[in-house]
Structures are given as C-alpha cells and as structure tokens.
1. So, with +1 on the Cβ of K and R and -1 on the Cβ of D and E, and no other charges, what is the size of the charge dipole of the chain about its Cα centre, to the nearest 20 debye?
2. Note down the relative contact order for the chain as a percent, whole number, built from C-alpha pairs under 8 angstrom at least six residues apart.
3. Enter the per residue convex hull volume of the chain, computed from alpha-carbon coordinates, in Å³ rounded to the nearest integer.
4. So, with +1 on the Cβ of K and R and -1 on the Cβ of D and E, and no other charges, what is the size of the charge dipole of region 13-81 about its Cα centre, to the nearest 20 debye?
5. What's the long-distance tail for region 53-124, i.e. % of Cα pairs beyond 15 Å?
6. Hey, if you put +1 on the Cβ of every Lys and Arg and -1 on every Asp and Glu Cβ in the chain, which of ILE72, TRP36, GLN3 ends up farthest toward the positive end of that dipole?
Amino acid sequence: QVQLVESGGGLVQSGGSLTLACAAPGPIFGSYTTGWFRQAPGKEREFVGGISWTSGSTDYVDNVKGRVTISIGNAKTTAFLQMNNLKPGDTAVYFCAITTNREPSDSSSDYDNWGQGTQVTVSS
C-alpha cells in the first residue's frame, strides 16, 4: 500500500491562493496517474483535476479550469495542486489519489490509494 500525505491547506480570504502538496515515500508519480478530489459539507466527493503519468497531460473539471494547475515535482515524489482566485465555494477537504489508469478519471472508484485529506477554508 502506498502512503500519500496531503499538506498545505488552511484559511484564506476570497481571491487568495493556496498550493497543496501530496507527498509519497518514493517517485511514484512517475508511474501512476494522480487525481485531486474535494468534498465540501453536504456535497458528494468531486473530481478537481488530474495529471497523466504517461504524458504529463492534465485534465480539469470545467468549474475550476483556469484557476487550478496540477503538476509533479522534478523528483516525482510530490504532486501539487495550485489554486488561485479561491472562492467560498472551494471550501472543502482536498484529497490526492493515484490510479494505474493512463489518463485521469473523474470517478473516485478508479483510484487505488488515497491520502487523508487537507482542509481548505475560503472566507468571504
């Protein structure tokens, strides 16, 4: 089992930015596709975006496109989720996960390992 640990969450004002990190014990992000999900109070878990391990191509859900960038660190031990122009609707617990799929999937059931999550709270 691969251990993933999210960090970087916190409290920010509307319009602010945060970068979340997902740390792994080794360079797994060179051989697994990464997905980022979030779960807000009273909401279902939602796909935010992902990055393919084969090509590095990214995929984002439409309502965050242009505000979110997913990347992998050079050592392949960390995945990042950079979020700009945050809105109160972005308040959620954010999770990273990995899948053997070559391209990101928006279905949480396709992912094999999950981190414990990090809280992002955006105030108005």
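1. Roughly 260 debye, rounded to the nearest 20.
2. Working: 327 pairs, mean separation 45.5, N = 124.
Relative CO of the chain lands at 37 percent.
3. Convex hull volume per residue, Cα atoms: 92 Å³.
4. Using only the charged Cβ atoms, the result is roughly 100 debye.
5. Tail fraction, whole percent: 62.
6. ILE72
Rule-based calculations on the coordinates, nothing more; no lab input. Just so you know, these numbers come straight off a predicted model, no measurement behind them. Backbone-built Cβ (ideal geometry, glycine too); neighbour counts: all protein chains shown.
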